[in-house]
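Everything below concerns the one structure shown next.
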Amino acid sequence: MTAPVRRAGVFAVLCTLSLVVPLFGPRAGAAIAGVVLLGAYGITDGPLFELLAYPGDYEDARLYGLITFVLAGVALGLMATAAAMPVTVFVGTVLLVGYGNLGEQLVRLRTDHDIGRVAAFCLTATVAAVAGQAIAHSFVGAVVSEPPIVVFLATSGAFLAALLRDVLLRSDDPIVVLSVGLLLWLLAELEPTISAGEIVVALAITVALGYVSYALETASIAGMLTGILSGLLTIVLGGYGWFAVLISFFAIGGLSTKFRYDRKAELGVAEDNNGARGSGNVLGNAAVALVAVLGYAASDAGFLPREPELFLFAFAGSIATAMSDTLSSEIGSVFETPRLITTLEPVDPGTDGGVTWQGELAGVTGAAVVASLAFALFPEVGAVGAAIIVAAGIVGMTVDSLLGATLEGSLLGNQGVNFLATLSGALACALLVVSVAVPG
């Protein structure tokens, strides 16, 4: 058994101690956490230090990785006892991270294949989170009345944890614990309604499409995980209509990166990693849409005063922007006569803020595709609403080009520009809907 496996096993055992909170109460949990912290601070060398130390711990001879991990667990425990976080979410989160890591390390003994290790982490983390929530429910005298919700929380947390672990360092597990705990707390508060069959179908669809995107090299591991998580949340909190709009961007946008890829490579404007999009690219384009999905669910649950339909239009506007901008860039970049949007002066292909008429036409077409899907899938959109979505997509695409010509490279990176552009598309769509009576 290798050192990483032994370390992961010890951390998994320590994570199991989180069950003390629902079984014996927060004081017992705090006492155990205090003992572990004192022990971790006092161990500076020897076999136990070698067992528990992360690479960065050797410089100061302190088990900072273990200490910060326990402190993250304590922070979640305080939220579960002093705030409104369900104790089941606290236990499920801690077990999810601890046992997910152990599952991944065990699989690493046999293979270093990226998909294998990610699948092992997600599967083990999901099982651990489901078991943790169920056990915690029994300890506090509650009945697991909605198992599909328990599975939904567990899988959502597993995908987020796997994503964060892929883009962060292994010693950043405290960040993973806090992030997963906060997400699951939010999702639990929204109280989504989903049946056992629906969660199975949702997982099958999102995981299958995510793997296809990775196999076709349109997404990296992180991009695949981001897409799966985004799709799962969209299906459960919004519905399959929302998911169809979202996946249209992922599919068409991903394939557009392959459009005349060799020519783009010659011009120096091709996406890195053979066109595979990473988590930053996916989130830069889809983060606003996810916020709109969460806003819709919160509004539908009565937490926000706005009508849920307003968030539907914000969602569609952001996706229309992402589609417009992606097609405009990927198709327009193969033409050698771009002009800077602010001055209309000729610039080299790939120049930030450079546009071509072919790219602009492709962008308008992309917005029209999203608007057509929204019109077909949502009765409340109507013809006027579809026109507004197209207009919002064009606004967002134009904002993207303006930011590229003025702020990108100095104050903003590409992902920041994408985020602000999709935000402008969402806001434009929502504001136009508010100011114009949209017949269904």
Hey, Ala12 assigned to a helix (DSSP H, G or I) and within 28 Å of the chain's Cα centre (by Cα) or not:
yes
Among the residues of the range 81-114, which ones are open to solvent by 10 Å² or more (accessible area, probe 1.4 Å) and among the hydroxyl-bearing types (Ser, Thr, Tyr)?
Thr81, Thr88, Tyr99, Thr111
Looking at (1) without any contact (Cβ under 8 Å) to a residue 24 or more places away in the chain; (2) open to solvent by 20 Å² or more (accessible area, probe 1.4 Å), can you tell me which one Gly239 breaks?
(2)
Within the range 401-421, how many residues turn out to be of a type outside the set (A, V, I, L, M, F, W, C) and open to solvent by 60 Å² or more (accessible area, probe 1.4 Å)?
5
Could you list all residues from the range 372-389 that are under 17 Å from Ala426 (Cα atoms), hydrophobic (A, V, I, L, M, F, W, C) and in a helix (DSSP H, G or I)?
Leu373, Ala374, Phe375, Val384, Ala386, Ala387, Ile388, Ile389
When Gln415 is run through (1) at pLDDT below 90; (2) assigned to a loop (DSSP other than H, G, I, E, B), the failure sits at (2)
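Suppose we filter Thr337, Thr398 for residues that are open to solvent by 40 Å² or more (accessible area, probe 1.4 Å) and outside any helix (DSSP H, G or I); which single one remains? So that I can check it myself, show each step before the final result.
Values: Thr398 fails: outside any helix (DSSP H, G or I).
Every option except Thr337 fails the conditions.
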Would you check which residues across the range 346-362 are in a helix (DSSP H, G or I) and not acidic (Asp, Glu) and list them?
Trp357, Gln358, Gly359, Leu361, Ala362
Sole exception among (1) open to solvent by less than 10 Å² (accessible area, probe 1.4 Å); (2) over 25 Å from the mean Cα position of the chain (by Cα) for Gly65, by number:
(2)
The residue from Thr343, Thr365 that alone is part of a helix (DSSP H, G or I), open to solvent by 70 Å² or more (accessible area, probe 1.4 Å) and not aliphatic (A, V, I, L, M) is Thr365
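Return the total of residues in the range 286-301 being part of a loop (DSSP other than H, G, I, E, B) and either open to solvent by 60 Å² or more (accessible area, probe 1.4 Å) or at pLDDT 90 or above (or both). Please lay out each step first, then the result.
Just the residues of the range 286-301 that are part of a loop (DSSP other than H, G, I, E, B), to begin with: 301.
Those still in the list that are either open to solvent by 60 Å² or more (accessible area, probe 1.4 Å) or at pLDDT 90 or above (or both) too: none.
Final tally of qualifying residues: 0.
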Is there a residue in the range 366-384 that is closer than 19 Å to Thr422 by Cα and over 28 Å from the mean Cα position of the chain (by Cα)?
no
What are the residues in the range 182-211 that are open to solvent by 40 Å² or more (accessible area, probe 1.4 Å), closer than 15 Å to Ala154 by Cβ and free of Cβ contacts under 8 Å to residues at least 40 places away in the same chain, if any?
Val200, Val207
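The values are calculated or read from the model by the stated rules, or taken from the named source; none is laboratory data. For clarity, every value in this text was computed on a predicted model and none was experimentally measured. All Cβ positions, glycine included, derive from the backbone under ideal geometry; neighbour counts span all protein chains shown. Each accessible area value is taken on the protein alone, full model and side chains, heavy atoms only, with ligands, DNA and RNA left out. Shrake-Rupley method; radii C 1.70, N 1.55, O 1.52, S 1.80 Å.
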